[in-house]
1. B:LEU62 fails exactly one of the following numbered conditions: (1) modelled with pLDDT under 95; (2) within 23 Å of the chain's Cα centre (by Cα); (3) more than 8 Å from chain A (Cβ to nearest Cβ). What is the number of that condition?
2. Could you please find all residues in the stretch B:127-144 being more than 9 Å from chain A (Cβ to nearest Cβ) and touching a residue at least 12 places away in the same chain (Cβ under 8 Å)?
3. Does the stretch B:205-227 include one or more residues that are assigned to a loop (DSSP other than H, G, I, E, B), in contact with a His (Cβ under 9 Å, 6 or more places away or on another chain) and at pLDDT 90 or above?
4. Which residue out of A:GLY150, A:GLY122, A:GLY106 is in a helix (DSSP H, G or I) and within 24 Å of B:SER102 (Cα to Cα)?
5. Given the residues A:ARG223, A:ARG190, A:ARG229, which is the only one that is assigned to a loop (DSSP other than H, G, I, E, B), more than 7 Å from every other protein chain (Cβ to nearest Cβ) and not small (Gly, Ala, Ser)?
6. Here are some conditions: (1) in a strand (DSSP E or B); (2) modelled with pLDDT under 90. B:ALA186 meets all but one. Which one does it not meet?
7. Looking only at residues that are more than 23 Å from B:ALA29 (Cα to Cα) and in contact with an Asp or Glu (Cβ under 8 Å, 6 or more places away or on another chain) in the stretch B:180-203, which one is surrounded by the most Cβ atoms within 10 Å (Cβ to Cβ)?
8. Scan the stretch A:196-220 and report the pairs whose first residue is within 12 Å of chain B (Cβ to nearest Cβ) and whose second residue is in a helix (DSSP H, G or I) and of a type in the set (Ser, Thr, Tyr), with Cβ atoms within less than 8 Å and a gap of 6+ or a chain change.
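The values are calculated or read from the model by the stated rules, or taken from the named source; none is laboratory data. Every value quoted in this text rests on a predicted model; they were computed, and no experiment measured them. Cβ placement follows ideal geometry from the backbone for every residue including glycine, while neighbour counts extend to all protein chains displayed.
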Amino acid sequence: MAGPTRLLFQPGGSLIHRVHPATKLLYAVAMTAYGIVLDQVLPLLALAGLSVLVIAVGGVFRAFVRTTFRYLVVLFVFLFIIRGLFYDPGGAETFSVGPLDLKPAGVVFAVEMSLRITAMVGAFLAVILTTHPADLVQAIEQLGASPRVGYIVLATLQLTPEMVDRARRIMDAQRSRGLRTEGSLLIRTRGLFPLVAPLFYGSLMSVEAKAMALTARGFFSQRKKTHIRSLGMFAWEPGFRIALVALLPILIGFRVAGWL
Amino acid sequence: MALELEHTTFTYAGATQPAITDVSLRLEAGQFYGIIGSTGAGKSSLCNLLTGIAPHFLKGELGGEVRIEGVSTTQLSMEELVTRVGYVFQNPFDQLSHVTYSVEEEVAFGLQNLGIEVGEIRTRAEWALKVLGIADLRDRFPLDLSGGELQRLAVASILAMKPSVLVLDEPTSQLDPQGTREVFEAVAAMRGSGLTVVMVEHKIELLATHVDELLVMQRGRLVAQGSPRQVLSDPSVQDWEIERPQLAELALRLGRTEAAGPLPFGVEEFLVAVNLGPKDVH
């Protein structure tokens, strides 16, 4: 049997946990849009800071770091090195950090991109980490989407830890048969091949079994679904939703005017 | 009559050979049936046909007819089928919805899909959890349960949908002895409730002592049906590529005769069958 995996959702009673899932989804979409519109370090820093603040208020900062941010940091480092070394639209002077000759424009680009990604990913993680999966499915359904769409999105996210577990088990099994997975980049890359096929095949088999099980549990029923969990909403949420939407054209205006 | 197959043949889409060939059987309401057979004998395919998963979900060519409570499975939608026949699979992990956070919510998942009213869902969930002996786990996170508890949760989730037939395909294949015993005891406890139970299982010792009838599958065909003692006493057992329970086999090899009583499945029966009293065993 597959080993125990945890859902991404972290139960809790924080303010963020109690906000209606649709409001949180709108917040995540709005933060993504803001991230696309904003273009300078300071506004993006504020946006990323807000995103992390919401995560902290939700009491899920550690889960955010554990599940996502530590991987993002690796991406940021690569971004910093690659862009810092090679991105040079204006041919400006370089500055040195240790053995590296970095280009200022590239460094600024890497910082902006890192902040943008933190804001966007952080906003969506805040939703996923603080919202009961069933509530999110229900909210997506209330927004007019098919319950199947909501379920597929959620189950895919929730099954990510299972995929990680499965990959680890396959890797352990291959190692016990003498496969080398540690050492140079070449050795590590070679070690990936015996992992991919069983992971892919095993996942496909699992998907079919899950689809059959869902069929047997009436998932594809045409009847209107009921929900044993009820969704609450704070009095201020409708106004907050309007503000989230209204802020977008304002930011676009500021950007066009050159104030951001 | 709960289930009937009439000259049923089924070939999965893309396959060249039928998985089930000319099977006819009748399963009475309220009885407990065990299906045995070697790997590839067609046990799971038979389950797929009994539940309507084939040909509704697993496509293929169906010959003959499969009837549930007198109605052909091809004339029923999957939605109608799931309220008549419940299906429990091998791996309880694959049966979880993965969007619930408590045992009670997991049981409610299928009922919500069917649009059952919330009060009724809670009543049914409570009932199913009690029947399976896991009511005290209702607030636990499903993935924190042991294998046996998880499989009992899977059975409860299906039972709550109030089917008249419950089909279990090797529900203990991935469980340890403790988990296996838990599942068997829970399923056996449902006898007498009017529910028809059909279970595929390799653990012949356990199956033989619990079921009313055994069905033996071999290479897609039903080769025997009868009480466990009837079926396992048959000299053709080896031809069917199945094994008797160890004590029964041992008694036969020690020269147990018909006059010595029924084919033994348990230790006490074995001692009687080979003319040994408990005092003779040290």
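1. The single condition B:LEU62 does not satisfy is (1).
2. B:TRP127, B:ALA128, B:LEU129, B:VAL131, B:LEU132, B:GLY133, B:ILE134, B:LEU137, B:ARG138, B:ASP139, B:ARG140, B:PRO142
3. No, the stretch B:205-227 contains no residue that is assigned to a loop (DSSP other than H, G, I, E, B), in contact with a His (Cβ under 9 Å, 6 or more places away or on another chain) and at pLDDT 90 or above.
4. The conditions single out A:GLY150.
5. Just one listed residue meets the conditions, A:ARG229.
6. (1)
7. B:GLU182
8. A:ALA216/B:THR51; A:ARG217/B:SER157; A:PHE219/A:TYR151
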